[in-house]
Amino acid sequence: MCPDVFDRSKPITETQLLVPENDATDPILSIVIPALNEEISISQFIDWCHEGIQAAGIAAEIIIIDSSNDRTPDIALAKGARVIRTPKRGLGQAYIDSLPFIRGKWLLLGDADCTYDFRKITPFIEKFQEGYEYIMGSRVKGSVEPGSRPPLHQYFGAPVTNWALNMIHGTHFSDIHCGMRGITLDAFRRMHLQSKGWSYAPEMVLKSVLLELKTTEVPIHFLKEPEGRISHLAQRGGWVEPWKAGWASLQVTFTYGASAFLLWPGILLALPGLLLMLLTALGSRQVGNVQLDLHFLFLGVSTFLIGSASMYMGILAKMVNDLHGRHIARWASVFTFNRSVKASAFTIMVGLVLDVLLVHRYVQNGYVLSSQDEQVSHLAIFGLGMIAIGCLTFGFTLLVNALIKRLQYRPI
């Protein structure tokens, strides 16, 4: 029975590191594990870690990021793990809090509930030695012990969110929610993790893509929880909590993939709209059996403007989510302030001239327009589109240049 070191009668108010007597020296690998009231499993889990470290033949430290109010930290410390006591602020925040205390150049993440077998960490070490920077464990490519995962999670929630991420970002991950994953310390720092809760998992995956890390997957075996343990999802919200976690994952996926919904869809919308505008700018036109009249010009202008706005927002999304600086530099060179302001001013002036022609004809005819004024009416609507796209481009240019100054071209 290990002695109690921590005073559990008082809430944790600040981050605190406790080092065991037999602390590892000069570790290459850091096993970083958040823990919340894992008294049932923590002893066995750390024993598994020691077995895995010995089998891999590597110098390693075990770091437990703890927010428990049971004996979890006392047991972990007695078993030779470093313990970071930190206020309970979420799973993602636990990893963020651990960053200043990590000494190894390689990190292995996971859970303290003995569902991931840390006796078998050698495949991860081998991938690190091969130069991989981000290594995802995959229960899909490995195995899942019967009864270890709720069917709703295994056959619906996880596959749907996994499919959404792969479709939006053009990736091929098989198990984005697997908690057992490896990452280099340098890559972990460059990620600047933001998610405080469960959505840290897809955020890490997406930032590994945005940072263009060398990535691979390792099959792992997922095991049942120790008898008597109740999962944190079940403790917090019953059947509602998994849906909240799934939605949070989708929010992260959509946010970092905003350009997929905006850039190319906008281009594909703007080009037909521009073509329709050009075809009907001088008046109605017969194309086959279709009469392209003023209504089609309105449709073209509307489609062109909506598509252009979407395209511009997509470019901004590319720049905001650019972790290398290449997209920022690229679009900054395209939308230089002087060039874009001149182009915007020219477009607006052309549009104003075309609209002035309509006003002049309207006044000249005694404040009425006849069917003979069809061409000037078409040109005026075309001119409105020119004014609108000029104003839109000018506003976009201001935002691009403001964003450039804010980011100061500094890649993460």
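What's the percent breakdown of Cα-Cα distances in the stretch 16-255 across 10 Å bins, shortest bin first?
Bin by bin from 0 Å, the calculated values are 7, 34, 40, 17, 1.
Can you compute the modelled spin-label distance between HIS192 and GLN154, with each label point 7 Å from Cα toward Cβ, in nm?
4.0 nm
Output the 0 to 90 degree angle, nearest 10, between the alpha-carbon long axis of helix 240-256 and the longest principal axis computed from the alpha carbons of the chain.
The angle comes out near 50 degrees.
Provide the gained length on full extension for the span HIS221 to LEU323, in nm with one decimal, where the gain is 0.36 nm per separating residue minus the Cα-Cα distance.
Details: separation 102, 0.36 × 102 = 36.72 nm, distance 3.29 nm.
Result: 33.4 nm gained on full extension.
Once you have the alpha carbon radius of gyration of the stretch 172-216, what is it after dividing by 2.2 N^0.38 Å, with N set to its residue count?
On the way: Rg = 9.9 Å, N = 45, 2.2 N^0.38 = 9.3 Å.
Working it through for the stretch 172-216, the quotient is 1.06.
Only four residue types carry charge here, +1 at the Cβ of Lys and Arg and -1 at the Cβ of Asp and Glu. Report the dipole size of the stretch 258-407 about the Cα centre in Debye, rounded to the nearest 20. Let's see the in-between values first.
Working: 9 positive and 5 negative charges, 149 e Å.
Dipole about the Cα centre, nearest 20: 720 debye.
Can I get the semi-axes of the stretch 258-407's equivalent ellipsoid? Compute them from the C-alpha gyration tensor as square roots of 5 times the eigenvalues, in angstrom, largest first.
On the way: eigenvalues 242, 69, 17 Å².
Rounded to whole Å, the semi-axes are 35, 19, 9.
Counting pairs of Cα atoms in the chain, how many percent are more than 39 Å apart?
Working: 32667 of 84666 pairs.
Value for the chain (Cα pairs over 39 Å): 39 percent.
State the answer as a single residue: which of LEU152, ILE315, ASN37 lies farthest towards the positive end of the charge dipole of the chain, with beta carbon charges of +1 for Lys and Arg and -1 for Asp and Glu, about the Cα centre.
The residue sitting farthest along the positive end of the dipole is ILE315.
So what is the relative contact order of the chain, in percent, for Cα pairs below 8 Å that sit 6 or more residues apart? Intermediate results must be reported in sequence, preceding the final value.
Values: 700 pairs, mean separation 55.6, N = 412.
That works out to 13 percent.
Report, in debye and to the nearest 20, how large the dipole of the chain comes out about its Cα centre when Lys and Arg carry +1 and Asp and Glu carry -1 on their Cβ. Display every interim value, and only then the final one.
Working: 36 positive and 35 negative charges, 246 e Å.
Using only the charged Cβ atoms, the result is roughly 1180 debye.
Among the DSSP beta bridges whose two residues both lie in the stretch 16-255, what percent are antiparallel, rounded to the nearest 5? It would help to have the intermediate numbers written out before the result.
Numbers: 11 of 33 bridges.
Looking only at bridges with both residues in the stretch 16-255, the antiparallel portion is about 35 percent.
With unit charges on the beta carbon (Lys/Arg positive, Asp/Glu negative), name the residue among PRO100, TYR134, LEU399 whose Cα is farthest towards the positive pole of the charge dipole of the chain.
LEU399
Kindly provide the GluC sites (Glu not before Pro) of the stretch 71-171 that DSSP labels as loop, not H, G, I, E or B, and whose Cβ sees at most 15 other Cβ atoms within 10 Å. Write out the running numbers ahead of the final one.
Working: sites: GLU126, GLU130, GLU133; in loops: GLU130, GLU133.
Loop-located and lightly packed - GLU130.
Based on the mean of other beta carbon atoms within 10 Å per residue, what is the order of 382-389, 269-276, most packed first? Intermediate results must be reported in sequence, preceding the final value.
Values: 382-389: 21.2, 269-276: 17.5.
Going by the mean number of other Cβ atoms within 10 Å, highest first, we get 382-389, 269-276.
Arranged from highest to lowest average of other beta-carbon atoms within 10 Å per residue, in what order do the peptides 28-38, 202-212, 390-400 appear? Please report the intermediate quantities before stating the final value.
Details: 28-38: 23.9, 202-212: 21.0, 390-400: 17.6.
Per-residue mean Cβ counts within 10 Å order the peptides as 28-38, 202-212, 390-400.
When only Cα pairs under 8 Å and 6 or more residues apart are kept, what is the percent relative contact order across the stretch 16-255? Before the final figure, lay out the partial values.
Working: 454 pairs, mean separation 57.6, N = 240.
Once normalised by length, the contact order is 24 percent.
What fraction of the DSSP beta bridges in the stretch 5-120 is antiparallel, stated in percent and rounded to the nearest 5? Spell out each step's value before the answer.
Details: 3 of 18 bridges.
The answer is about 15 percent antiparallel.
In a Gaussian network model over the chain where Cα atoms closer than 10 Å are linked, find which of GLN129, GLN364, GLN16 has the largest mean-square fluctuation.
Judging by the Gaussian network model, the answer is GLN364.
Could the peptides 75-84, 301-310 be put in order, highest first, of the mean number of other beta-carbon atoms found within 10 Å of their residues? Intermediate results must be reported in sequence, preceding the final value.
Details: 75-84: 23.8, 301-310: 19.6.
In decreasing order of mean packing, 75-84, 301-310 become 75-84, 301-310.
In nm, give the distance between the simple-model label positions of GLU51 and GLU212, each being 7 Å from the Cα along the Cα-to-Cβ direction.
4.2 nm
No lab work stands behind these numbers, since they all come straight from the coordinates. All values reported here derive from a predicted model rather than from experimental measurement. Backbone-built Cβ (ideal geometry, glycine too); neighbour counts: all protein chains shown.
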